[in-house]
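Trainee: If you scroll down you'll find the structure; I have some questions about it.
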Amino acid sequence: MADVIRTVTTAAELRAVLDAERGDGRTVGFVPTMGALHDGHASLVRAAAAETGVVVLSIFVNPLQFAPTEDLAAYPRDAEGDIRIAEEAGAAVAFVPTETEMYPLGRDAVLTTVAVPDLAGRMEGASRPTHFAGVCTVVAKLFHLVGPCRAYFGEKDFQQLAVVRRMALDLSFPVEVVGCPTVREPHGLARSSRNRYLTDHERERAAVLHRSLQAGAAAVADGETSPERVCAVMRVLLDAEPVVRSVDYAACVDPTTLQVPASVTGPVRLLVAARVGKARLIDNLEAAPAR
Ligand code: AMP
């Protein structure tokens, strides 16, 4: 565990703190978040602390990645609790910038954005057309401000991980993007800041997302080669669960290109997005034919 976490709110102070750390020979690990931290975020910090000399966790609810109809204003915020969790997990620095620090001319005046169209267009991108440009733009800015050698992202947001990885490669960011496994609640629901929107009953029943992915993965393991039929297996379970208000997508894709394969002959990624109560939840799982 780091001694006492240092909270930094400006880019200038962040640079001064991290230049000193780098000067002392320490590598910088980075965990970008939107706060409302839970054990999923803490697992990223722990992975970063095991592999790098100084861990920076950022907390910034990025307005650019929310559509006007989404939950930007309602998004849970708990900076004090977050900083305690980050410190306990081993972060040395919490970067908590204001919106003005990140977007000095205002969020509506940002002219330069980063897009990764082929990877970002489907699934989350189809449901949330401006989402990934917002994510990539803020992650690119944070990479510049933090200058990490390794940055840690959760597989929970599998498409985001693929998009950020590709952005870093295409734009030659000198950073290794590290994917970390999804942390789940005991009954299988992926931990998410948005689970706070759910009632206890909805939270328990929302584990159907994970069960639907497991059913899809079992179908693939049993030899199902049609991506459409694998998706149909997942949908049957989701459609049968009353707390699921609607299903945005159930998808079976190549884990790197995120394209639907003509036939499932090797590892694939299964992904779902659904509305449960007041929340929109996503989850995913790897699947592969038995050999
Ligand atoms: P967020 O604060 O939701 O933007 O997430 C910040 C980072 O934490 C992202 O890289 C997420 O993929 C990751 N994350 C969120 N939930 C989980 C989870 N349940 N397990 C592992 N990583 C997660």
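The values are calculated or read from the model by the stated rules, or taken from the named source; none is laboratory data. Note that the structure is a prediction, hence the values are computed from the model and not measured. FYI the Cβ positions are ideal-geometry reconstructions off the backbone, even for glycines, and counts take in every protein chain you see. In case anyone asks, the SASA skips ligands and DNA or RNA and just uses the protein heavy atoms, side chains included. Shrake-Rupley method; radii C 1.70, N 1.55, O 1.52, S 1.80 Å.
Trainee: Report Leu169's accessible area, 1.4 Å probe, all protein chains in place, as a number in Å² to the nearest 10.
Mentor: 130
Trainee: A follow-up question, please. Contour minus end-to-end for Val4 and Gln214, with contour as 0.36 nm per residue of separation and end-to-end as the Cα-Cα distance?
Mentor: Once the chain is fully extended between Val4 and Gln214, it gains 71.5 nm.
Trainee: Restricting to the chain, what percent of DSSP beta bridges are antiparallel, rounded to 5?
Mentor: So the antiparallel bridges in the chain amount to around 50 percent.
Trainee: So, one more: Say each of Leu169 and Glu88 gets a label point 7 Å from the Cα, pointing the same way as Cα to Cβ; how far apart are those two points in nm?
Mentor: Modelled inter-label distance: 3.7 nm.
Trainee: Hey, another quick one. Averaging sequence separations of C-alpha pairs under 8 Å and six or more residues apart, then dividing by the length of the chain, give the relative contact order as a whole percent.
Mentor: 17
Trainee: Right, something else. Accessible area, 1.4 Å probe, largest first: how do Ser193, Ser127 sort?
Mentor: On the way: Ser193 5, Ser127 45 Å².
Descending accessible area places them as Ser127, Ser193.
Trainee: Now for a separate question. Collect residues whose amide H, placed 1.01 Å from N in the peptide plane, falls under 5 Å from the amide H of Asp248; neighbours closer than 5 in sequence don't count.
Mentor: Ala273, Ala274, Arg275
Trainee: Tell me the carbon and sulfur percent of the accessible area for the chain, rounded to whole percent, probe radius 1.4 Å.
Mentor: C and S fraction of accessible area: 53 percent.
Trainee: Moving to a separate point now. Using only the Cα atoms, work out Rg/Rh for the chain, with Rh taken as the Kirkwood radius, to two decimals. Intermediate values should be presented prior to the final figure.
Mentor: On the way: Rg = 19.2 Å, Rh = 19.8 Å.
Answer for the chain: 0.97.
Trainee: What's the angle, to the nearest 10 degrees (0 to 90), between helix 158-170's Cα axis and the longest principal axis of the chain?
Mentor: So the helix axis and the longest Cα principal axis differ by about 50 degrees.
Trainee: Another question about this same structure. Any chance you could run the full-extension gain for Arg184 through Glu228? It's 0.36 nm times the residue separation minus the Cα-Cα distance, nm to one decimal.
Mentor: 13.2 nm
Trainee: Would you kindly find the accessible area of Arg22, with a 1.4 Å probe and non-protein molecules such as ligands, DNA and RNA excluded, rounding to the nearest 10 Å²?
Mentor: Only protein atoms counted, so the area is about 90 Å².
Trainee: Something else about it: Would you mind working out the accessible area per residue for the chain, using a 1.4 Å probe, and quoting it in Å²?
Mentor: That works out to 46 Å² per residue.
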